[in-house]
């Protein structure tokens, strides 16, 4: 998202512009191969395709992949509700894992949705589903609003 001025664009405008112009996310999104699926006010979704690089010592997808997807989707969902010049940071995240994921499972999609945004904090919930629509993990977050 380099080159964009976050002080002049709302969170929604900033994310839409960044993802439309720059393609896939930078940083952690680039490292994991995240793809943006949707950016709307209060809702953001990202997808990754599983790979052997995501394996834990047991040979399935490491839980940190779902946690990162959820943190990204829920945090960005909060970001879409913020005015220009206002940021956020994750205060806490909770993840519930429902089933393990094989490394050749294909696409995982995380959807984050804002539950509440106040002056100083926001909460969001999210879920990760596999290509068959099965729930893999779900979570919640609290974010601090940074003026």
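The values are calculated or read from the model by the stated rules, or taken from the named source; none is laboratory data. Fair warning: this is a prediction, and the values are worked out from it, not measured in the lab. All Cβ positions, glycine included, derive from the backbone under ideal geometry; neighbour counts span all protein chains shown.
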Would you mention how many residues in region 112-135 are out of contact with any strand residue (DSSP E or B) (no Cβ under 7 Å at 6 or more places or on another chain) and either surrounded by 21 or more Cβ atoms within 10 Å (Cβ to Cβ) or modelled with pLDDT under 95 (or both)? 0
Being surrounded by 12 or more Cβ atoms within 10 Å (Cβ to Cβ) and at pLDDT 85 or above is the filter here, so list the residues in region 1-14 that pass it. 9, 10, 11, 12, 13, 14
Any residue at all in region 109-118 that's farther than 16 Å from residue 73 by Cβ, assigned to a strand (DSSP E or B) and within 18 Å of the chain's Cα centre (by Cα)? yes
Within region 59-77, is there a residue that is surrounded by fewer than 14 Cβ atoms within 10 Å (Cβ to Cβ), more than 22 Å from residue 12 (Cα to Cα) and either within 11 Å of the chain's Cα centre (by Cα) or touching a residue at least 40 places away in the same chain (Cβ under 8 Å) (or both)? yes
Residue pairs within 8 Å by beta carbon, gap of at least six or interchain, first lying in region 93-110 and touching a residue at least 24 places away in the same chain (Cβ under 8 Å) and at positive phi, second crowded, with 19+ Cβ neighbours inside 10 Å and part of a loop (DSSP other than H, G, I, E, B), listed first then second, are 106/50
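Residues are listed down the side, and each one gets a yes or a no for (1) in a loop (DSSP other than H, G, I, E, B); (2) more than 22 Å from residue 147 (Cβ to Cβ):
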site	(1), (2)
4	yes, no
14	no, no
38	no, yes
64	no, yes
83	yes, no
88	no, no
